[in-house]
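Enquirer: Before I ask anything, let me first share the structure, which is written out below as structure tokens.
The values are calculated or read from the model by the stated rules, or taken from the named source; none is laboratory data. Model, not experiment: these values are computed from the prediction. Quick reminder, even Gly has a Cβ in these numbers, built from the backbone with ideal geometry, and neighbours come from all protein chains shown. Areas reflect the complete protein model, heavy atoms only, side chains present, ligands, DNA and RNA absent. Shrake-Rupley method; radii C 1.70, N 1.55, O 1.52, S 1.80 Å.
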Amino acid sequence: QVQLVESGGGLVQAGGSLRLSCAASGRTFSRYAMGWFRQAPGKEREFVAAISWSGARTYYGDSVKGRFTITRDNAKNTVYLQMYSLKPEDTAVYSCAATSGVPITTISGQYDYWGQGTQVTVSS
């Protein structure tokens, strides 16, 4: 019943920046923890970032820590992923996810709803 739609992906040069958005259709967005995951061809899904329902708590994957920032605007039912200093190894399909079952989590299996994904390609 909750629908998530990502946008903002595209092609960018190494060292550049990009901001992804995830818009949610649910009426109780403010009570959902949110996360971002990515998956490259032939590789397993990788945790990127997560944020609690209030925005007070955030987690980041080791490979993106210090370069990516997750934020949310509950009034707009939207979560963002701001990416700086992009590297070719950041190339992947990025998906957002939502859960009401836990305050915050890095585990993909604990998320209840998923978006369709948006492609990010970083050239060298």
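Enquirer: So, of the residues in region 99-124 that are touching a helix residue (DSSP H, G or I) at 6+ places or on another chain (Cβ under 8 Å) and open to solvent by less than 40 Å² (accessible area, probe 1.4 Å), which turns out to be modelled with the lowest pLDDT?
Expert: T99
Enquirer: Of everything in region 68-98 that's hydroxyl-bearing (S, T, Y) and either open to solvent by 10 Å² or more (accessible area, probe 1.4 Å) or over 11 Å from the mean Cα position of the chain (by Cα) (or both), which residue is nearest to S30 (Cα to Cα)?
Expert: Here the residue is T78.
Enquirer: Could you tell me which residue of region 15-29 is nearest to D90 (Cα to Cα), considering only residues that are modelled with pLDDT under 95 and loosely packed, with under 14 Cβ neighbours inside 10 Å?
Expert: Here the residue is S25.
Enquirer: Name, by its number, the condition in (1) over 17 Å from V2 (Cβ atoms); (2) buried (at least 18 other Cβ atoms within 10 Å of the Cβ); (3) among the small types (G, A, S) that does not hold for A56.
Expert: Condition not satisfied by A56: (2).
Condition check ((1) on the phi > 0 side of the Ramachandran plot; (2) outside any loop (DSSP other than H, G, I, E, B)) across all residues:
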residue	(1), (2)
A50	no, yes
Y59	no, yes
S63	no, no
G66	yes, no
T69	no, yes
Y80	no, yes
S85	yes, no
S95	no, yes
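Enquirer: Output the strands (runs of 3 or more DSSP E) that fall wholly within region 1-43 and possess 2 or more residues being without any contact (Cβ under 8 Å) to a residue 12 or more places away in the chain and among the β-branched types (V, I, T), or say none.
Expert: none
Enquirer: Confirm whether A75 is outside any loop (DSSP other than H, G, I, E, B) and at pLDDT below 95.
Expert: yes
Enquirer: Further question on the same structure: Which one of the conditions (1) in contact (Cβ under 8 Å) with a residue 12 or more places away in the chain; (2) more than 16 Å from T121 (Cα to Cα); (3) charged (D, E, K, R) does E89 fail to meet, given that it meets all the rest?
Expert: With respect to (1) in contact (Cβ under 8 Å) with a residue 12 or more places away in the chain; (2) more than 16 Å from T121 (Cα to Cα); (3) charged (D, E, K, R), E89 is out only on (2).
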